[in-house]
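Trainee: For reference, the structure I am asking about is given below.
The values are calculated or read from the model by the stated rules, or taken from the named source; none is laboratory data. Remember, it's a predicted structure, so these values are computed and weren't measured experimentally. Cβ atoms come from the backbone with ideal geometry, glycine included; neighbour counts cover every protein chain shown. Ligands, DNA and RNA are excluded from the accessible area calculation, which covers all protein heavy atoms including side chains. Shrake-Rupley method; radii C 1.70, N 1.55, O 1.52, S 1.80 Å.
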Amino acid sequence: MSEQNFEQQMKKLRRDLAFTRVVCILTSVVTLLLICGGGYLFWRMQGILENAQPILEQVAEVDIENVNETLWQIRTTLETVDLDHVVDTMEQAVETLDELDIDALNSAIEGLDTTELSEALSNLNDAVESLQRVEDSFGSVFGR
């Protein structure tokens, strides 16, 4: 009986050893997959950080105090706006537009020679540019 008992124990130990080997192989595969996944995530994070770096530099350059001061000025300005006055002005503008005679305006525009008008505006622009150049040259001569 001891030999039979010994054989049964050996069979059980072999089964346990086979089970342990299977568990060890599965654990190794899972560990390898986790390491590969971690490497992939690291690689992706490096790419994301490279893309985000210029944005982070721009954010770091923002003058927060100046932005806060500007927002405070806007808020103060908006608090001083008289909304009733704005509404009254808008109502007056709407009334004025309602009183506008669109037909008369259209008939006045119809009679205009657009080619002649465009040519006159072009000549006017040329004259203004010439005057601007003269003013600039006087400014450079007199140190303004």
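Trainee: Looking at region 59-72 only, could you name the residues that are more than 20 Å from the chain's Cα centre (by Cα) and open to solvent by 100 Å² or more (accessible area, probe 1.4 Å)?
Mentor: Glu65, Glu69, Trp72
Trainee: What pairs come out if I take residues in region 110-131 that are without any contact (Cβ under 8 Å) to a residue 24 or more places away in the chain and pair them with residues that are loosely packed, with under 10 Cβ neighbours inside 10 Å and polar (S, T, N, Q) whose C-beta lies under 7 Å away, six or more apart or interchain?
Mentor: If the second residue must be loosely packed, with under 10 Cβ neighbours inside 10 Å and polar (S, T, N, Q), no pairs are left.
Trainee: Still on this structure, I have one more. State all residues of region 98-109 that are modelled with pLDDT of 75 or more and open to solvent by 90 Å² or more (accessible area, probe 1.4 Å); if no residue qualifies, say none.
Mentor: Those that are modelled with pLDDT of 75 or more and open to solvent by 90 Å² or more (accessible area, probe 1.4 Å): Asp98, Glu99, Asp103.
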